[in-house]
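Please read the structure below before turning to the comments.
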Amino acid sequence: MELRNCPECGSVFTYIRTNLCAACLEKDEVDFKKVRTFIVRNRNVGIPKVSEETGISEERIMRYIREGRISVASSNEKIILNCEVCGKSITSGRLCETCTERLSSGLRKQVLEENKKELEEQHKETVTKDEHTPRMHFWKKS
């Protein structure tokens, strides 16, 4: 168990998948629903307007978009979201599909290489142990 301080209220909590304590996580979920509801009812509004009408900070709204919890309509020119790697326009998250695929394939390749090295090392250890293991020989009686 890892103890952390909640960045919102400062209280100590046990970290499990999220960086917020239970009370702040519950409040964050209420805020998220308020933002999502406002956006559904008021399409093509900018983040400043959403923030002004809901009372939720622009930073938090951007976090919801970056987390992929809210998607921006590609026709909404008031909210501009760009891939953090190539700068291509995206509707949610942090990376475009191309950069996500490149990152995934690179990680997949790295994991496969590491697994292969590990298996080779285990094989070498097994072979080395077998070579130094004394063996018993039986002679046939003639």
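Is it the case that the range 38-51 has a residue that's at pLDDT below 85 and either exposed (fewer than 14 other Cβ atoms within 10 Å of the Cβ) or among the polar types (S, T, N, Q) (or both)? Yes, some residue in the range 38-51 is at pLDDT below 85 and either exposed (fewer than 14 other Cβ atoms within 10 Å of the Cβ) or among the polar types (S, T, N, Q) (or both). Within the range 37-56, take every residue that is assigned to a helix (DSSP H, G or I) and either out of contact with any helix residue (DSSP H, G or I) (no Cβ under 8 Å at 6 or more places or on another chain) or of a type in the set (Phe, Trp, Tyr) (or both) and give me the one that is farthest from Ser92 (Cα to Cα). Checking each candidate, the answer is Glu52. Of all residues in the range 59-84, those that are at positive phi have Cβ atoms under 7 Å from Cβ atoms of residues that are modelled with pLDDT of 75 or more and assigned to a loop (DSSP other than H, G, I, E, B), 6 or more apart or on another chain, in Gly68/Ser92; Gly68/Gly93.
Taken over the range 77-122, the criterion of being among the β-branched types (Val, Ile, Thr) and under 21 Å from Glu58 (Cβ atoms) is satisfied by Ile79, Ile80, Ile90, Thr91.
When the range 84-101 is filtered for residues that are at pLDDT 85 or above and under 15 Å from the mean Cα position of the chain (by Cα), the ones remaining, listed by number, are Glu84, Leu95, Cys96, Glu97, Cys99, Thr100, Glu101.
Look at the range 103-114: where a residue is closer than 17 Å to Val85 by Cβ and a partner is of a type in the set (A, V, I, L, M, F, W, C), sitting 6+ places away or on another chain with Cβ atoms under 9 Å, you get Leu103/Val85; Leu103/Leu95.
Counting only residues that are of a type in the set (S, T, N, Q) and closer than 16 Å to Ile65 by Cβ, how many does the range 1-53 have?
Going through the range 1-53 one residue at a time, the tally reaches 4.
Arg63 satisfies every condition listed in (1) modelled with pLDDT of 90 or more; (2) assigned to a helix (DSSP H, G or I) except (1). Among the criteria (1) of a type in the set (D, E, K, R); (2) at pLDDT 85 or above; (3) within 18 Å of the chain's Cα centre (by Cα), the one Glu58 does not fulfil is (3).
The values are calculated or read from the model by the stated rules, or taken from the named source; none is laboratory data. Quantities reported herein were computed from a predicted structural model and do not represent experimental measurements. Neighbour counts run over all protein chains shown; Cβ positions are idealised from the backbone, glycine included.
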